[in-house]
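Report on the structure given below.
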Amino acid sequence: MTIQDSGTARPAGRPRSEKAEKAIIDATLDLIGEGMGVSELTIEAIASKAGVGKTTIYRRWSNKEDLIVDALSTLKAPLPELSGTSVRDDLISLVDAMRQESGDLRSRCVMNIAMSEADRYPRLMERFLKRAVEPRREAMRAVIELGIATGELRADLDVEMGMAMISGTMLWHTKWGPAGGLAPDLAERVVDAVLRGMTAS
């Protein structure tokens, strides 16, 4: 959460600079992507790479953890708009967003490095997951629950297990899939494979 988000007033005469914030976010992601772990990352290093003073960073983020959460969150694309007319179509939209995100090598590298320190920084990772991942989980849960309510999906379906099957299969492909990239139709194939066991008879 940035200082502005928390409602703290900014000092008079110091207007928010979107250019500076972008430079700081980019610098944070670049340093992590270059192999600098969360523990090694410092406000000094970020300020130097972004070409700003440390005070510019502290006016926007109260500490390194807040900045990293904001930076990592920018790697997640906005949730796709869901039509609500078809469980299959909505699930494909959600899963394809995962495919597209994983296609960005820089983002994947940054996330892998950051997540490798999840045990050392559980609060940071918990905040990131709540902000950037949980909304996607809730969207998928809502789609599946609607499918159960409308009769598209089995009435006895274990919603959490269904979510795990879809997300887990996609994560397997994003981490250990072909080096040449993920197939454009991967989302459809994953959803169709899982729906065979979820669709009402």
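What to note about this one:
- Taking a straight Cα-Cα cut-off under 14 Å and skipping sequence neighbours fewer than 8 places away in the same chain, the aspartates and glutamates within cross-link reach of K49 are E21, D26, D30, E34.
- Between 0 and 90°, nearest 10: helix 18-33 axis offset from the chain longest Cα axis: 70 degrees
- When the solvent-accessible area of the chain is split by element, carbon and sulfur atoms take up 54 percent of it, the probe being 1.4 Å.
- Distance between segment 19-83 and segment 99-113 - C-alpha centres, whole angstrom: 16 Å
- Each other residue within a Cβ distance under 10 Å of A187 adds +1 if Lys or Arg and -1 if Asp or Glu, for a net charge of -2.
- Going through (1) -0.43, -1.14; (2) -0.29, -1.21; (3) -0.35, -1.11, the figure that equals log10 I(q)/I(0) by the Debye sum over Cα atoms at q = 0.08, 0.17 Å⁻¹ as computed for the structure here is (3).
- A straight Cα-to-Cα reach below 25 Å connects K130 with the lysines K22, K64, K76, K175, residues fewer than 8 places away in its own chain not being considered.
- 0 to 90° range, to nearest 10: angle between helix 64-73 axis and the chain longest Cα axis: 40 degrees
- Here's how it looks for L153: its modeled amide H is under 5 Å from those of I148, A200, which are all 5 or more places away or on a different chain.
- Between V133 and E81, the simple label model (points 7 Å from Cα in the Cβ direction) yields a spacing of 2.9 nm.
- Electrostatic bookkeeping for P135 treats Lys and Arg as +1 and Asp and Glu as -1; over the other residues with beta carbon under 14 Å from its beta carbon, the sum is +3.
- Computed label-point distance, nm, for sites D156 and E188 using a 7 Å Cα→Cβ extension: 3.3 nm
The values are calculated or read from the model by the stated rules, or taken from the named source; none is laboratory data. Not measured: the values here are computed from a predicted model. Neighbour counts run over all protein chains shown; Cβ positions are idealised from the backbone, glycine included. Surface areas here come from the heavy atoms of the whole protein model, side chains and all, with no ligands, DNA or RNA. Shrake-Rupley method; radii C 1.70, N 1.55, O 1.52, S 1.80 Å.
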